[in-house]
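Asks: Before anything else, here's the structure in question.
The values are calculated or read from the model by the stated rules, or taken from the named source; none is laboratory data. The structure presented is a predicted model; accordingly, all values stated were derived computationally and were not measured. Glycine gets a Cβ as well: all are built from the backbone with ideal geometry, and neighbour counts include every protein chain shown.
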Amino acid sequence: MATDGVTVFPPSFVWGTATASYQIEGAVDEDGRGLSIWDTFSRTPGKVLHGDTGDIACDHYHRYAEDVQLMHELGINSYRFSIAWPRVQPEGKGELNPDGLRFYSELLDHLEANQIVPFPTLYHWDLPQSLGDQGGWSSRDTAYRFADYVDKLVSALGPRISQWTTLNEPWCSAWLGYAVGQHAPGETNVSAALAANHHLLLAHGLAAQAIRARSDAEVGITLNLAHVTPASDDPLDRLAATLTEGNANRMFLDPLFLGDYPADMMDLYGDARAEIKEGDLATISTVIDFLGVNYYAPAIVGSRERIAELQALGYCVDARRTPNLLDMTASAVHVKRPGFTSTQMGWEVEPATLTELLCNLRDQYRPIPIYITENGMSNADYVRQDGSVLDPERTAYLEGHLRAVAGAIAAGVDVRGYYVWSLLDNFEWALGYSQRFGIIWVDYATGERTPKASYYWYRDFIAAQARQPRECSVPPDPSSIPV
Ligand code: GCO
C-alpha cells in the first residue's frame with residue numbers, strides 16, 4: 001500500500017466497466033433485430049423471476065449517448081460490452097443487418113470521442129433463436145455459424161477494434177443453459193451440456209482464427225473461473241471439490257491451454273461425452289493473446305453423502321447455487337460457511353481468494369495477460385429521500401477485490417485491467433431485475449440513471465491512480481486484505 005492508502009497499479013493499467021447486450025439494450029424488435037433464445041426463454045412463464053424480460057431493460061439502445069457520457073465522467077479508459085448476434089445477423093446466417101451494425105458503429109463513435117477504448121465481446125448468451133431451433137450449442141453447426149458471424153463482423157468493424165473477446169463464460173452457456181436449465185434454452189440434459197461445452201470451445205477457436213485472418217487485433221476469451229475449497233479434509237469432500245473445480249475450470253482451461261480435456265472429467269462423464277473430431281483440439285488451443293477472468297465469490301464444496309456431518313459443522317447447503325448440476329455429474333453440494341458476509345445474491349465475500357485463483361492459474365497453465373473482465377456485487381440498494389444511493393457494501397467489495405488484484409500483480413501475475421460489473425443496474429438473467437449490480441441506479445419505470453456512491457468512489461480511485469508517484473509504488477500487504 002502506498003502511504004496515502006491507495007493501492008497502486010501500473011500506469012498502463014486499464015480501468016473499465018462491463019455490460020452485456022441483452023441485459024441493457026432493450027429495443028428487442030427494432031431495426032431488424034432477430035429473436036434470441038433469451039427473448040424466448042424470458043417470455044416463457046416460470047423461467048425468469050416475476051416474468052421479467054429484456055424487452056426494454058435499461059433502454060441503452062436509445063440512451064447509449066447518455067451512458068457513454070456517464071462513463072466519461074467516471075474516468076474509465078475502456079468499456080466492455082457485448083454485440084448482440086441477432087441484432088447484426090438476425091437469423092444467425094447470411095448478410096449482416098446494416099441497421100443493427102449502425103447502432104454499434106455509433107456507440108464506437110461516442111466511445112472514441114470520449115477516449116474510451118472499446119473492448120467488445122462477440123457472444124454474451126443471446127444466440128439467434130433460429131439457431132436455437134436447430135439445437136443451439138448442442139449442435140456442432142452452431143460453431144461454424146458463429147465463425148461466419150465473427151468473420152463478417154470483423155470485416156465490418158475490424159479496423160476500429162484492437163481487442164476482441166470471443167465468448168463470455170461458456171460454462172454458463174453450456175451448463176446453466178443445457179444441464180441445469182436455469183438459463184436459456186432451459187434444457188436439463190448432461191450430454192447436451194457436454195456437446196455445448198465442446199461446440200462453444202470449437203466456436204471460440206474457429207472465431208479466433210477468423211479474427212486473425214482478417215486483422216491484427218488481439219483475441220481472448222472470458223471464463224468464469226471458480227476458486228473451490230473442500231468443506232473438510234474428508235476424502236469424499238475433497239473428491240467433490242476436485243470434480244467441481246474440474247467441471248468449472250479444467251473443462252475449459254485444459255483444452256484452451258493444454259490442447260486436451262482433463263482425463264478425470266472424461267472418465268466421469270463416460271458415454272455422455274461429446275464427439276471430438278480430429279483437429280478440434282488443435283483449433284480450440286489456437287494461441288490467444290489474453291484471458292478474461294470473471295470473478296465474484298469463492299465456492300465451498302462438500303460431498304452429498306456427508307450433508308449431515310457438514311451441517312453438524314455449521315455449514316448450510318447452498319441450494320440456490322448451481323442447483324442439481326453437480327447431482328448430475330458428481331455427488332457434490334455447495335455449502336455456506338457460518339458467519340461469512342454474503343451479497344444479495346447469497347455469494348460469500350472473500351477477496352483474497354481472487355489473488356490465489358490468479359496465482360494458481362499462472363502456475364498451473366502459462367503466464368498470459370489477464371483482464372478481470374467482471375467483478376462486482378448485487379446489493380439491496382435504494383434511492384434515499386435526498387435522491388442519493390448509498391452503497392458502502394459495494395465500495396468495500398470493490399476495494400477488497402482491487403487489493404486482491406494488486407496482490408496478484410505484486411506476486412508477478414500479469415493482470416492488465418479491471419472491469420466493474422456493472423456500469424448499470426440491469427437484467428440479471430433468471431433473477432430478472434431483482435438483483436442490482438450497477439454502480440449506477442436505473443429507475444426501470446423512467447429509465448433515469450442515478451450514480452451511486454460507489455460510482456463516485458470508483459471515479460476518485462481511478463483519478464488517484466493517475467496522480468500516483470509511480471516510483472513510490474509499494475505492493476499491498478496481504479495481511480491487510482479484508483476477509
Ligand atoms: C456473467 C454474467 C453477467 C452477470 C453477472 C452477475 O458473465 O456472469 O455475464 O452477465 O450479470 O455475472 O451474475
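Asks: Say we look at segment 362-413 and pick out the residues that are aromatic (Phe, Trp, Tyr) and in contact with a helix residue (DSSP H, G or I) (Cβ under 9 Å, 6 or more places away or on another chain); which of these is nearest to the ligand (Cβ to nearest atom)?
Replies: Tyr397
Asks: Right, next: Among the listed residues Gly432, Gly438, which satisfies the condition of being of a type outside the set (S, T, N, Q), in contact with a strand residue (DSSP E or B) (Cβ under 7 Å, 6 or more places away or on another chain) and within 15 Å of the ligand (Cβ to nearest atom)?
Replies: Of the residues listed, the single one that is of a type outside the set (S, T, N, Q), in contact with a strand residue (DSSP E or B) (Cβ under 7 Å, 6 or more places away or on another chain) and within 15 Å of the ligand (Cβ to nearest atom) is Gly438.
Asks: Go through segment 442-463 and report how many residues are more than 19 Å from Asn375 (Cβ to Cβ) and either among the hydroxyl-bearing types (Ser, Thr, Tyr) or away from the ligand (no atom under 14 Å from the Cβ) (or both).
Replies: Within segment 442-463, residues that are more than 19 Å from Asn375 (Cβ to Cβ) and either among the hydroxyl-bearing types (Ser, Thr, Tyr) or away from the ligand (no atom under 14 Å from the Cβ) (or both) number 9.
Asks: Considering segment 41-74 alone, what residues qualify as being more than 22 Å from the chain's Cα centre (by Cα) and assigned to a loop (DSSP other than H, G, I, E, B)?
Replies: Those that are more than 22 Å from the chain's Cα centre (by Cα) and assigned to a loop (DSSP other than H, G, I, E, B): Arg43, Thr44, Pro45, Gly46.
Rundown of residues vs (1) in contact (Cβ under 8 Å) with a residue 24 or more places away in the chain; (2) in contact with a Lys or Arg (Cβ under 8 Å, 6 or more places away or on another chain); (3) farther than 23 Å from Val405 by Cα; (4) basic (Lys, Arg), yes/no style:
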{"residue": "Met251", "(1), (2), (3), (4)": "yes, no, yes, no"}
{"residue": "Met265", "(1), (2), (3), (4)": "no, yes, yes, no"}
{"residue": "Leu268", "(1), (2), (3), (4)": "yes, no, yes, no"}
{"residue": "Ile288", "(1), (2), (3), (4)": "yes, no, no, no"}
{"residue": "Val293", "(1), (2), (3), (4)": "yes, no, no, no"}
{"residue": "Ile300", "(1), (2), (3), (4)": "yes, yes, no, no"}
{"residue": "Arg304", "(1), (2), (3), (4)": "yes, no, yes, yes"}
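Asks: Wholly within segment 250-329, which helices (runs of 4 or more DSSP H) include no fewer than the required count, namely at least 1 residues that are in contact with a helix residue (DSSP H, G or I) (Cβ under 7 Å, 6 or more places away or on another chain) and at pLDDT 90 or above?
Replies: By residue number, 263-269, 280-284.
Asks: Given the options Gly136, Gly186, name the one that is more than 16 Å from the ligand (Cβ to nearest atom), surrounded by fewer than 21 Cβ atoms within 10 Å (Cβ to Cβ), under 29 Å from Glu428 (Cβ atoms) and modelled with pLDDT of 95 or more.
Replies: Residue meeting the stated conditions: Gly186.
Asks: If Trp38 passes every condition in (1) within 16 Å of the ligand (Cβ to nearest atom); (2) hydrophobic (A, V, I, L, M, F, W, C); (3) part of a loop (DSSP other than H, G, I, E, B) but one, which one does it miss?
Replies: Looking at each condition in turn, Trp38 falls short on (3).
Asks: Residues of segment 139-167 being part of a strand (DSSP E or B) and buried (at least 23 other Cβ atoms within 10 Å of the Cβ), which ones?
Replies: Filtering segment 139-167 down to residues part of a strand (DSSP E or B) leaves 163-167.
Selection gives Trp164, Thr165, Thr166, Leu167.
Asks: Going through segment 198-245 one residue at a time, which ones are farther than 30 Å from Gln311 by Cα, crowded, with 21+ Cβ neighbours inside 10 Å and away from the ligand (no atom under 16 Å from the Cβ)? Spell out how you get there, then give the answer.
Replies: Initial filter on segment 198-245 (farther than 30 Å from Gln311 by Cα): 198-223.
Okay, now just the ones that are also crowded, with 21+ Cβ neighbours inside 10 Å, so 198-208, 210-211, 219-223.
His198, His199, Leu201, Leu202, Ala203, Gly205, Leu206, Ala207, Ala208, Ala210, Ile211, Val219 - these are the residues of segment 198-245 that are farther than 30 Å from Gln311 by Cα, crowded, with 21+ Cβ neighbours inside 10 Å and away from the ligand (no atom under 16 Å from the Cβ).
Asks: Is there a residue in segment 4-21 that is part of a helix (DSSP H, G or I) and either more than 16 Å from the ligand (Cβ to nearest atom) or not β-branched (Val, Ile, Thr) (or both)?
Replies: Yes - at least one qualifying residue is present in segment 4-21.
Asks: Which of (1) more than 16 Å from the ligand (Cβ to nearest atom); (2) in a loop (DSSP other than H, G, I, E, B) does Arg416 not meet, given it meets every other one?
Replies: Exception for Arg416: condition (2).
Asks: Right, here's the next one. Note down all Cβ pairs under 9 Å where the first residue falls in segment 218-236 and is more than 30 Å from Ser82 (Cβ to Cβ), the second is among the acidic types (Asp, Glu) and more than 15 Å from the ligand (Cβ to nearest atom), and they're at least six residues apart or on different chains.
Replies: Pairs that qualify, where the first residue is more than 30 Å from Ser82 (Cβ to Cβ) and the partner is among the acidic types (Asp, Glu) and more than 15 Å from the ligand (Cβ to nearest atom), are Pro230/Asp237; Ala231/Asp237; Ser232/Glu309; Asp234/Glu309; Leu236/Glu305.
Asks: Next question. Considering only segment 225-239, state which residues are of a type in the set (Gly, Ala, Ser) and more than 24 Å from the chain's Cα centre (by Cα).
Replies: Ala231, Ser232
Asks: Looking at Tyr444, Tyr456, Tyr433, which is the one that is hydroxyl-bearing (Ser, Thr, Tyr) and not in a helix (DSSP H, G or I)?
Replies: The match here is Tyr444.
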